[in-house]
Amino acid sequence: MTIEPFEDVPPGGDLLTAYDLAHLAAYIHLLDAEKAPENPWQQAVASLFGIDAARDPGRARQVYESHLARARWMTEVGYRQLAQLELKQQQRRDSPGND
């Protein structure tokens, strides 16, 4: 997987951000990795963010946990905003004069 530029802690709050949109794939991978006991969190943070948990355990854990929390937020709240955004974009594409 291509490692997108990232912050150690993703933006918080109740609004979907450009950062969230850029990191949707990482969020999905984190949620999948959480459910796969054969893939420890250290492996996920290495493959998604390029951080070696053995060399920088504090930062690795912070990046993993904060992004996983944001991924969970996406499944509870953010997905609605994502769907609304997609609907608005579709309506713009479908409106007359956008051929």
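Numbers at a glance
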quantity	calculated
Residue check, Asp99 at pLDDT below 95, of a type in the set (D, E, K, R) and not in a helix (DSSP H, G or I)	yes
Segment 24-38, residues that are in contact with a helix residue (DSSP H, G or I) (Cβ under 7 Å, 6 or more places away or on another chain) and either within 20 Å of Ala83 (Cα to Cα) or open to solvent by less than 60 Å² (accessible area, probe 1.4 Å) (or both)	Ala26, Tyr27, His29, Leu30, Leu31, Ala33
Residue in segment 63-73 that is at pLDDT below 95, open to solvent by less than 50 Å² (accessible area, probe 1.4 Å) and either β-branched (Val, Ile, Thr) or out of contact with any helix residue (DSSP H, G or I) (no Cβ under 7 Å at 6 or more places or on another chain) (or both) present	no
Conditions (1) within 27 Å of Gln84 (Cβ to Cβ); (2) part of a helix (DSSP H, G or I); (3) open to solvent by less than 40 Å² (accessible area, probe 1.4 Å): number failed by Val45	(1)
Verdict on Gln89 being open to solvent by 100 Å² or more (accessible area, probe 1.4 Å), without any contact (Cβ under 8 Å) to a residue 12 or more places away in the chain and part of a helix (DSSP H, G or I)	no
Matching entry among Arg59, Arg80 (being among the basic types (Lys, Arg) and surrounded by 13 or more Cβ atoms within 10 Å (Cβ to Cβ))	Arg59
Qualifying position, being part of a loop (DSSP other than H, G, I, E, B), modelled with pLDDT of 90 or more and of a type in the set (A, V, I, L, M), among Ala54, Ala26, Ala83	Ala54
Tabulated pairs, segment 1-20, first acidic (Asp, Glu) and at pLDDT below 90, second part of a loop (DSSP other than H, G, I, E, B) and open to solvent by less than 50 Å² (accessible area, probe 1.4 Å), C-beta under 7 angstrom, 6+ apart or interchain	Glu4/His23
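The values are calculated or read from the model by the stated rules, or taken from the named source; none is laboratory data. Predicted, not measured: the structure shown is a model, and the values here were computed from it. With ideal geometry, Cβ positions are generated from the backbone for all residues, glycine too; neighbour counts draw on all protein chains shown. When the accessible area is computed, the model is the full protein with side chains, heavy atoms only, and any ligands, DNA or RNA have been set aside. Shrake-Rupley method; radii C 1.70, N 1.55, O 1.52, S 1.80 Å.
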